[in-house]
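Here's the structure, in structure tokens; my notes come after.
The values are calculated or read from the model by the stated rules, or taken from the named source; none is laboratory data. Here the structure is a predicted model, which is why all the values come from computation and not from measurement. Please note: Cβ atoms are built from the backbone with ideal geometry, for glycine as well, and neighbour counts cover all protein chains shown. What goes into the accessible areas is simple: the full protein's heavy atoms, side chains included, and nothing from ligands, DNA or RNA. Shrake-Rupley method; radii C 1.70, N 1.55, O 1.52, S 1.80 Å.
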Amino acid sequence: MQKEENKEFTLSILTENKSGLLNRITIIFTRRKINIEAINVSETEVHGVSRFTIVVRSTHEKAVKVVKQIRKIIEVLGAFLYEEDEVHYQEIALYKLPTKMLTSSNQIENLVRSSGARVLTVGEEYTIIEKTGHSHEILSLLEQLKPFDVQEFIKSGRIAISKSKRQTVSFLEEMEALSLVS
Amino acid sequence: METATEISKPEKINQFEGTEISGAQAIILSLINEGVDTVFGYPGGAIMPVYDALYDFQDTFKHYLVRHEQGAVHAAQGYARVSGKPGVCLATSGPGATNLITGIADAQIDSTPVVCITGQVFAPLLGTDAFQETDVVGISMPVTKWNYQITDASEIPEVIAKAFYIAKSGRPGPVLIDITKDAQVSKFIYEYKKCINIRSYQPKPVIKPKEVLAAASLINEAKKPYIVFGQGVIIADAQKELLSFAEKAQIPAASTLLGLSAFPPDHPLYVGYLGMHGNYGPNIKTNECDVLIAVGMRFDDRVTGDLTRYAKQAKVIHIEIDEAEIDKNVKTDVSIHADAKEALQALTEHIKPNMHAEWLQEFRECEKIEYEKITKKEKFPESGQIKMAEVVEQLSSITDGNAVIVTDVGQHQMVTSRYYQFKSRRSNITSGGLGTMGFALPAAIGARLGEDDREVIAIIGDGGIQMSIQELGTIFQYNIPVKIVILNNNFLGMVRQWQQLFFAKRYSSTEMTNPDFIKIAEGYSIKGKKVTEREDLRGSLEAMMEHNGPYLMEVEVEKEENVFPMIPTGESVSNILLG
Ligand SMILES: Cc1ncc(C[n+]2csc(CCOP(=O)(O)OP(=O)(O)O)c2C)c(N)n1
Ligand SMILES: [Mg+2]
């Protein structure tokens, strides 16, 4: 049998907003020794419903099995597995540089402009640059900024929205109806 | 003031609706509202208010004081497996709660509905390393279907209703509710409403006709169809439906360990039991059938052996209520994601009557081979020490296969599964997925209390009995009429067998110096007898069965006996060893 290769997958999980869920979800990965690359939890447009966005590198088969296990968690409303091209996604990053680096040349300003980043704040000591985009773009800007003494760098987990037409509210209605089947 | 007996009458429970009561009282009332009349537990500081409330309900509600909390969960499991209703257990915080974990894990892997209620320290003390504070919600998370911590009394009715609903619906499992002591003592206005749905939980999948039709057409075309069924059939109460399905197209059927008792063992279509120590035909024919129809089973590795050499020639149909089990271990050609009862009914409608006489005959040939090579000399030895199999064979014939059989884990478990004829419904209670030694004695207690008038026999190894031997105390205190048979080989037999076969007979820490079990039973006023001679066996077993009350029999069996057939770990089912 051919071994399936690891790929990047985005899991999008709709849940009730209840405590303890993060733990319940992540132990499913831990138990199978799958490393979580990024995780984000946020509210949704529906009150009381949260969305977990998790990025993992895994085989398709493993990812599907994990998603099925996540769906079994009582408070999970739905769990969806996406490949790269099935979602619109973004990450956000902040870079802290000494302000004097900016004032001494316009190289940084050019980098900021050409990479679609922006200057978030300029202080006496340091300046913060903000960039939204895909991981590789954010990391490439980091590499370019490194010569200018990046003092701190931070990047968020992925947030993703699927390209499907499904709407959260109608999905919830569907789930509610199915939960009444007896 | 009303007396205790007056307030505890079931019809008077309604009088509490809308009145102010304590959290602890609400716990008891909620349980009664769920139809619970039996609980197993052990008191301690953090659960004392509940025990205090129990005092007023002693005639509606029977609490069995076990001797170790692990015994409480196993008893609850035995109760649930026999009755089909959730078993309930109570424990205090800290060590009481952690002692439950093995049983909870066991219930999780064997899909047993159990509701565990643990006391917890006062809410303001959470996270302070207070006396007997343990994060039991965290600890039990990987082994529960659902768990929840209550810190506010008013949540009690709703959470308990939800707990029962979750435990018993869909693929059943254990739930744990941790209740802080302040929530037990504070008062609120009690109102109970049963849980009928949770929007994020769809326990009953809607059957898809397309899947049924696809499965039916595979079955109709099949020359060598083969049914392998598991506990899902028992949980769905689909025994009759399975039988009609098999009979309509004359399909041979084999059981997993936990499926035993779901199909009449003397039926011409029943071919035996699957797995590492299962029957010869059922195992090798898995790799010869053309359509494998799996019903309510999960392709456990003890059933499949090496997956890369499992049923590769066959089209696989999987009927399963838990979607995560579909394509988990074995890739299916057609899956029916549904309740087994519903799926089998629908499928039976769409299959054509058929005959597979030659195919069935192949199983019968295998049976003959197995009988000559193994079964005959196991069941009916003429000389040498008593064999486990003959004890089981005798018990099976004395009870006509109608007893509830509770087994522990090891050789005696495999032998019992091979040789007992499970004829009565829900009569096979064993720890399958977790293989928990110490399960049988407390589970037998629960099994005996699960349904009236059922004869319960626990068959236990000399090792396993000592993992929960203290539960003889529970049997003694409540005079629970279970029959206990210790098959004593003075070894951790199953481990010794592996040492013999795979570790060059290096018997490292498997021989046991055992106590006088009969004397121990005597200490608990439980009648007992030790049998060492073949001539005594039948009569002694009959006397045990006739005895009114609990009974412990120790049978000295052959020390270094091996259980065969056997599929060595990692081997294909085709390479099953006959000795
Ligand atoms: C709690 C626990 N510990 C260890 C084991 C490993 N184990 C499986 S079978 C077995 C031997 C059981 O010995 P005994 O109860 O005497 O039964 P026998 O095999 O001799 O019939 C052991 C140690 C287990 N299944 N459960
Ligand atoms: Mg033994």
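The number of residues in segment B:311-332 that are within 13 Å of chain A (Cβ to nearest Cβ) and open to solvent by 20 Å² or more (accessible area, probe 1.4 Å) comes to 7. Considering segment B:516-537, the residues that are open to solvent by 80 Å² or more (accessible area, probe 1.4 Å) and more than 24 Å from B:Leu441 (Cα to Cα) include one that is nearest to ligand 2 (Cβ to nearest atom), namely B:Glu533.
Can you tell me which residue in segment B:125-149 is nearest to B:Thr112 (Cα to Cα), limited to those that are in contact with a helix residue (DSSP H, G or I) (Cβ under 7 Å, 6 or more places away or on another chain) and away from every other protein chain (no Cβ under 13 Å)? Of everything passing the filter in segment B:125-149, B:Thr134 is nearest to B:Thr112 (Cα to Cα).
So, B:Asn329, is that one of a type in the set (S, T, N, Q), within 18 Å of B:Val573 (Cα to Cα) and part of a loop (DSSP other than H, G, I, E, B) or not? Answer is yes for this residue.
Of the helices (runs of 4 or more DSSP H) lying entirely inside segment B:48-132, those containing at least 3 residues that are within 30 Å of B:Gly232 (Cβ to Cβ) and open to solvent by 10 Å² or more (accessible area, probe 1.4 Å) are B:69-83, B:101-109. Residues that are outside the structural domain of A:Arg57 (by TED's automatic domain parsing) and not in a helix (DSSP H, G or I): does segment A:168-178 have at least one? Within segment A:168-178, none of the residues are outside the structural domain of A:Arg57 (by TED's automatic domain parsing) and not in a helix (DSSP H, G or I). Can you name every residue in segment A:23-48 that is surrounded by 14 or more Cβ atoms within 10 Å (Cβ to Cβ) and out of contact with any helix residue (DSSP H, G or I) (no Cβ under 7 Å at 6 or more places or on another chain)? Hits for segment A:23-48 are A:Thr26, A:Glu37, A:Ala38, A:Ile39, A:Asn40.
Matching residues to (1) more than 17 Å from B:Pro225 (Cα to Cα); (2) assigned by TED's automatic domain parsing to the domain that holds B:Leu441:
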| residue | (1), (2) |
| --- | --- |
| B:Asn329 | yes, no |
| B:Val334 | no, no |
| B:Ala338 | yes, no |
| B:Leu347 | no, no |
| B:His350 | no, no |
| B:Glu358 | no, no |
| B:Lys377 | yes, no |
| B:Phe380 | yes, no |
| B:Glu390 | yes, yes |
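Checked against (1) free of Cβ contacts under 8 Å to residues at least 40 places away in the same chain; (2) loosely packed, with under 14 Cβ neighbours inside 10 Å; (3) out of contact with any helix residue (DSSP H, G or I) (no Cβ under 9 Å at 6 or more places or on another chain), B:Asn548 meets all criteria but (1). Scanning segment A:107-141 for residues that are farther than 25 Å from A:Ile161 by Cβ, outside any strand (DSSP E or B) and touching a residue at least 12 places away in the same chain (Cβ under 8 Å) yields A:Gln107, A:Ile108, A:Leu111, A:Val112, A:Gly123, A:Glu124, A:Glu125.
Within segment B:211-222, residues that are β-branched (Val, Ile, Thr) reach partners that are open to solvent by 30 Å² or more (accessible area, probe 1.4 Å) and assigned to a helix (DSSP H, G or I) with beta carbons closer than 9 Å, at six or more positions or on different chains, in the pairs B:Val212/B:Glu349; B:Val212/B:His350; B:Ile219/B:His350. For segment B:270-283, does any single residue satisfy the condition of being in the same structural domain as B:Ile219 (by TED's automatic domain parsing), within 10 Å of B:Ile576 (Cβ to Cβ) and out of contact with any helix residue (DSSP H, G or I) (no Cβ under 7 Å at 6 or more places or on another chain)? Yes, some residue in segment B:270-283 is in the same structural domain as B:Ile219 (by TED's automatic domain parsing), within 10 Å of B:Ile576 (Cβ to Cβ) and out of contact with any helix residue (DSSP H, G or I) (no Cβ under 7 Å at 6 or more places or on another chain). Mind checking whether some residue in segment B:570-579 is surrounded by 15 or more Cβ atoms within 10 Å (Cβ to Cβ) and within 16 Å of ligand 2 (Cβ to nearest atom)? Scanning segment B:570-579 turns up no residue that is surrounded by 15 or more Cβ atoms within 10 Å (Cβ to Cβ) and within 16 Å of ligand 2 (Cβ to nearest atom). The number of residues in segment B:486-515 that are away from ligand 2 (no atom under 16 Å from the Cβ) and open to solvent by 70 Å² or more (accessible area, probe 1.4 Å) comes to 5. Screening segment B:493-570 for helices (runs of 4 or more DSSP H) wholly inside it with 2 or more residues that are away from ligand 1 (no atom under 14 Å from the Cβ) returns the ranges B:517-523, B:534-546.
Please indicate, with yes or no, whether at least one residue in segment B:465-483 is assigned to a strand (DSSP E or B), within 16 Å of ligand 2 (Cβ to nearest atom), out of contact with any Phe, Trp or Tyr (no Cβ under 8 Å at 6 or more places or on another chain) and away from chain A (no Cβ under 14 Å). Taking every residue of segment B:465-483 in turn, none turns out to be assigned to a strand (DSSP E or B), within 16 Å of ligand 2 (Cβ to nearest atom), out of contact with any Phe, Trp or Tyr (no Cβ under 8 Å at 6 or more places or on another chain) and away from chain A (no Cβ under 14 Å). Can you find a residue in segment B:150-167 that is open to solvent by 10 Å² or more (accessible area, probe 1.4 Å), within 30 Å of B:Asp453 (Cβ to Cβ) and within 14 Å of chain A (Cβ to nearest Cβ)? Yes, segment B:150-167 contains a residue that is open to solvent by 10 Å² or more (accessible area, probe 1.4 Å), within 30 Å of B:Asp453 (Cβ to Cβ) and within 14 Å of chain A (Cβ to nearest Cβ).
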